[in-house]
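The values are calculated or read from the model by the stated rules, or taken from the named source; none is laboratory data. In this text, all values refer to a predicted model and were calculated from it rather than measured experimentally. Virtual Cβ from ideal backbone geometry, glycine too; neighbours counted across all protein chains shown.
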Amino acid sequence: MGLQVNQPEIRVAIGGVPVFGIISADVERVAFFAADRFSVTFSVDASGQTFSFFSGAGKQLATIDVALQEFGYVELLTGQIDNVYSDLLENKVTVSGRDLSAQLIDTEIAETFANQTSSQIATLICGRHQLTPNVTAEAPHQTALSDVANAVNAAAPIISTAGASLPAKSASQVASGLTAIQALVAFLKTVF
């Protein structure tokens, strides 16, 4: 008798629409230093969709859920689709992209933040991306970037611990938010 292996089940939705016919799926977690990445290849015949559905999928949200036989589905990643590759001869489509922190990473800011503290700047930028900042307001004369970096670094373990006790979807959003805030700190270092 051989060793029994549990085969994970994967389901994918693009723009909220379930898509079947998954040939392969890859997810790369990068430990909060950049956006996590994903790539999913579908058989167009088995997907229940057409090439035109996939070609219009750019910048839509894709959700990848995974389950083992004895456990229910949990969200592995939600992210925006950056690329769609259609192989007409093989009748396959590959969509790839990054998690939601990509929206903050891709943002270019061409403005100055005169007379604002670092916590005000962090709050402003996070608000533009529907993120909740975890910063402490400081007196106007305390504008050092190290204050923001210290606040984010101190909050990271707390956010990760809190996220672990939430439902899978909320925990994923907490992780994406933490990634985005850490990307914000990296961005602010280039500004100051």
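What the table below lists for this structure:
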read-out: Residue match in region 70-81 (condition: farther than 30 Å from residue 184 by Cβ, among the hydroxyl-bearing types (Ser, Thr, Tyr), modelled with pLDDT under 95 and touching a Phe, Trp or Tyr at 6+ places or on another chain (Cβ under 6 Å)); value: no
read-out: Residues of region 17-55 satisfying the condition of being at pLDDT 90 or above, closer than 17 Å to residue 79 by Cα and part of a loop (DSSP other than H, G, I, E, B); value: 36
read-out: Every pair of residues 6+ apart whose Cβ atoms lie under 8 Å, when the first sits in region 110-125 and is assigned to a loop (DSSP other than H, G, I, E, B) while the second is surrounded by 10 or more Cβ atoms within 10 Å (Cβ to Cβ) and acidic (Asp, Glu); value: 117/138
read-out: Every pair of residues 6+ apart whose Cβ atoms lie under 7 Å, when the first sits in region 34-55 and is closer than 24 Å to residue 105 by Cα and touching a residue at least 12 places away in the same chain (Cβ under 8 Å) while the second is of a type in the set (D, E, K, R) and surrounded by 19 or more Cβ atoms within 10 Å (Cβ to Cβ); value: 35/98; 35/99; 36/98; 36/99; 37/98
read-out: Count of residues meeting criterion [under 24 Å from residue 105 (Cβ atoms) and surrounded by 15 or more Cβ atoms within 10 Å (Cβ to Cβ)] in region 66-91; value: 9
read-out: Filter result for residue 110 (at pLDDT below 90, surrounded by 19 or more Cβ atoms within 10 Å (Cβ to Cβ) and under 29 Å from residue 136 (Cα atoms)); value: no
